[in-house]
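The values are calculated or read from the model by the stated rules, or taken from the named source; none is laboratory data. These figures come from a predicted structure and were not determined experimentally. No Cβ is skipped: glycine too gets one built from the backbone with ideal geometry, and neighbour counts run over all protein chains shown. Protein only, heavy atoms only, side chains kept; ligands, DNA and RNA dropped before computing areas. Shrake-Rupley method; radii C 1.70, N 1.55, O 1.52, S 1.80 Å.
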Amino acid sequence: MSTTLQSWIAGRWIGKEAAAPLHSALNNALIYYTHAEAIDFDEALSYARKTGVPALMRLTFQQRAARLKALAQYLMGRKEELYAISHQTGATRADSWIDIEGGAGTLFAYASMGSRELPSSNVLHEGPAMALGKNGGFAGTHILVPRGGVAVHINAFNFPIWGLLEKFAPCFLAAMPCIGKPATATSYLTEALVRIINESGLLPEGALQLVIGSTGDLLDRLGGHDAVTFTGSADTAAKLRANRHLIANSVPFTSEADSLNCAILAPDVTPDDAEFDLFVKEVAREMTAKAGQKCTAIRRIIVPENMVDAVGTRLRERLAKVSVGDPSVEGVRMGALASRDQQRDVAERVEQLARGNEVLYSARDGFQPVGEGVSEGAFFAPTLLLCRDGMRNDAVHDIEAFGPVSTMISYNGIDEALALAARGKGSLVSTLVTREPAIAAYAVPVAAASHGRVLVLDKEASVDSTGHGSPLPQLKHGGPGRAGGGEELGGIRAVRHFLQRAAVQGSPTMLAAVTGEYVRGAAVQEGDVHPFRKYFEDLKIGDSLLTHRRTVSEADIVNFGGVSGDYFYMHFDEVAARDTQFGQRIAHGYFVLSAAAGLFVSPAPGPVLANYGLDNLRFITPVAIGDTIRARLTCKRKVDRNRTDDKGVGQGVVAWDVQITNQRDELVASYDILTLVMKRT
Ligand code: NDP
């Protein structure tokens, strides 16, 4: 029995009446319908703005990161429900793993990066602040704040789960409610995901809505605080990007479109090298994973002229071993395309590509999908073509057959290989397989101008390589030109894309109040209680201590040399030191640091639990024998990660600004100390 899918709009499921039929990719059986009821997008947007935004803003970056982690754990607990539906899209278990566990993994990654890098507020300081006048009373800096708008995510059919989650995760951290619109063909899997997310109860009301079917007039209702992200074909991207309303209102539009990614076998690799096998394996895997329906799949295999036969033979052997069919049949390694429409589309494009090129491997080579009813399914044979004049053939650089299809292109010299790669007019990713660091050093900067990501693959990297086709949450995904020109993922950069940056000018005291971080020159509070004796809750930004003084003697330098074993001439050789820019022996920088710790530390056990590092250390003025130093320690930043230790004692992160000065009030050294501080509660 087929069911009617529903949209999740304004806190309720909409859709009873069946509209467009959706079919299984495996046997073309009718499995779902979209719904006929029109969505009121005015209602959806006002719900996101009036309910979603305030609910998200009631949480801090840190609290949203914690929710993301909980959601990722919850989804992993219910992943089998998603696997059970996913195979209808034609995906094997391994393909579904990329989509389902890759999606949850992206949530985990964003939760962890958010917890490490974002504040426990809703203002992200993009410092450091800089002085803008001679008298120290005027400074400038940048802050990033939630936009107060809605993000519309329009996604492709190939990753119904990852596609939504990879965009949702950074938006959620940025406090932006999302309206997800999956591609209709596989929207039943996204619908199942959103139902599970709702049942988790982990998201604030209004944080996520789902559109099954058309976006109607949604884009025409967006404003400057909103954003649109798109993944799909370059044609649709071009159409949506040109929407007059989006242009008139400067609505940010990010696009990740199809691209003709390539892998280059460098001229130094021979069939006897391990790298040759790696190349063949990577290409074959990219052709067949997800039946080639990956925006990152290798479409162009660029190999030296004299390697064409060897690579062709090895690829044919590998492709012949790939068993295609219903993924529930044991041994099946490649499933179906997402729909019969896609099957027709890929067949047409292969026909265009085959004109003037040789077909090295195709359905002619004994293609027989296995499983029940598969003759009605959307299966497609792995297809390998060969182009011997890539510099004159436009089709191989323009036509993307979104299936298990790739064209080998021969080249003569690394410059020609790079020129061929660039004829893709901008791609998401390229792989260079080489053994030679010099070739990588020459080729990668050239390839980087037209690719969003470059994988250099050799034997050493292969042990842990995550592969050509896998976008990683930590690394940028998106390429220039034909690839859409957008950027996604890339760590906290992706969160920043969904925040609004503003420059702020004012006195250091005002900037400290706005950013929630101590800014040099701002007013400080000095009290009777040493800042290290205060619990996390009691510490205030600007709590400060100016220490007593200490005169540095020759004995200090000699002792420190003895303890550390550092007898560098600058500290111990009076004659050599006289010829340096300092004209005399100076104290070790690390001694100055240690001496400063001795000046500001409060030695008895207390709320400061650990010092776990230094940031931004600079030695500015040398300290000579006889100089007198002192330190100023100021509470700079507090981050509440809601953490407890093994015994259940709460703790937070506190960064301290340290300035060491000499008897002339010159800055000697400057840095931030990172500590863990106990909570009172
Ligand atoms: P489309 O570009 O047609 O569709 C992508 C998304 O855009 C879908 O959600 C689609 O919805 C939506 N869409 C289409 N027209 C509009 C519109 N006027 N307003 C709002 N939303 C719209 O790509 P397909 O998914 O059909 O795939 C076609 C080709 O795109 C593939 O053959 C492949 O070449 C390429 N592709 C590239 C991908 C990539 O990741 N770079 C991924 C998938 C495909 P609906 O499904 O309801 O039409």
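Some observations on this one:
- Annotation: lysines with alpha-carbon distance below 22 angstrom to LYS16 (same-chain offsets under eight excluded): LYS181.
- Computed extension gain for LYS239 through ILE625, at 0.36 nm per residue and net of the alpha carbon distance, reaches 131.9 nm.
- Stokes-Einstein diffusion for region 44-131, with the hydrodynamic radius set to the Kirkwood value over Cα pairs and evaluated at 4 °C in a medium of 1.567 mPa s, equals 84 µm²/s.
- Evaluated at q = 0.12, 0.14, 0.18 Å⁻¹, a Debye calculation over the C-alpha positions of region 480-602 (equal weights, vacuum) places log10 I(q)/I(0) at -0.81, -0.88, -0.99.
- Checking the Cα-Cα distances for LYS167/LYS476; LYS534/LYS647; LYS281/LYS476; LYS79/LYS476; LYS79/LYS290 against a 22 Å cut-off, the pairs over it are LYS281/LYS476; LYS79/LYS476.
- Cα-based Kirkwood hydrodynamic radius, region 74-186, one decimal, Å: 16.6 Å
- Debye-formula intensities of region 243-343, expressed as log10 I(q)/I(0) at q = 0.11, 0.20 Å⁻¹, are -0.49, -1.05 (one equal scatterer per alpha-carbon, no solvent).
- Rounded to the nearest 20 debye, dipole of region 129-237 from Cβ charges on Lys, Arg, Asp, Glu: 380 debye
- Summing Cβ point charges (Lys, Arg +1; Asp, Glu -1) relative to the Cα centre of the chain gives a dipole of roughly 1740 debye.
- Heavy-atom surface of the chain, accessible at 1.4 Å and reported per residue (Å²): 42 Å²
- Split the accessible area of the chain by element, probe 1.4 Å, and carbon with sulfur accounts for 51%.
- Placing unit charges on each Cβ (+1 for Lys and Arg, -1 for Asp and Glu) gives region 425-480 a dipole about its Cα centre, and among HIS468, ALA440, VAL429 the Cα reaching farthest toward its positive end belongs to VAL429.
- In whole percents, the pair-distance distribution calculated for region 118-234 from its alpha-carbon pairs, binned every 10 Å from zero, is 12, 36, 27, 13, 8, 4, 0.
- As an equivalent ellipsoid, region 277-329 spans semi-axes of 22, 14, 7 angstrom, where each value is the square root of five times an eigenvalue of the C-alpha gyration tensor, largest first.
- Cα-Cα pairs of region 1-150 separated by more than 18 Å (percent): 74 percent
- Between ALA597 and GLN73, the FRET efficiency estimated from the beta carbon spacing at R0 = 30 angstrom works out to 0.15.
- Whole-Å semi-axes of the ellipsoid equivalent to region 356-437 (Cα gyration tensor, √5λ, descending): 30, 14, 13
- Unit Cα scatterers, Debye sum, the chain: log10 I(q)/I(0) for q = 0.05, 0.06, 0.09 Å⁻¹: -0.32, -0.45, -0.89
- Each eigenvalue of the Cα gyration tensor of region 448-527, multiplied by 5 and square-rooted, gives one semi-axis; in descending order these are 41, 18, 10 Å.
- Centroid-to-centroid separation of region 254-309 and region 372-409 [C-alpha atoms, Å]: 13 Å
- Taking Cα centre as origin and charging only the Cβ of basic (Lys, Arg, +1) and acidic (Asp, Glu, -1) residues, the dipole magnitude of region 262-469 rounds to 380 debye.
- Shape parameters for region 601-681, alpha-carbon atoms, Rg then Dmax in Å: 15.5, 48
- Using a simple spin-label model with pseudo-atoms 7 Å out from Cα toward Cβ, GLU526 and VAL329 lie 8.2 nm apart.
- Degrees separating the helix 554-564 axis from the principal Cα axis of the chain, which is the longest one: 30 degrees
- Taken over region 524-678, the percentage of Cα pairs per 5 Å bin, counting from 0 up to the bin with the maximum distance, is 2, 9, 17, 19, 17, 13, 9, 7, 5, 2, 1, 0.
- Distance from the C-alpha centroid of region 628-664 to that of region 566-596: 29 Å, rounded to the whole angstrom.
- Quotient of C-alpha Rg and 2.2 N^0.38 Å, computed over region 241-283: 2.26
- Dipole of the chain, positive direction: furthest Cα of GLY413, ALA185, LEU71, with charges on the beta-carbon: LEU71
- Ordering of 391-398, 510-517 by packing is 510-517, 391-398, highest average first (other Cβ atoms within 10 Å, averaged per residue).
- Charge dipole of the chain about the Cα centre (unit charges at C-beta), most positive-ward option of ASN135, GLY292, ILE39: ASN135
- The stretch between THR547 and GLN368 holds 56.4 nm of extra length on full extension. This uses 0.36 nm per residue minus the Cα-Cα distance.
- Taking each DSSP H run with n ≥ 4 as -39500 (n - 2.57) and averaging over every residue of the chain yields -9500 deg cm²/dmol at 222 nm.
- For region 160-290, the spread of Cα positions along each principal axis, largest first, Å: 59, 39, 28
- The Cα atoms of region 262-469 define a convex hull whose projected area, averaged across directions, is 11.0 nm².
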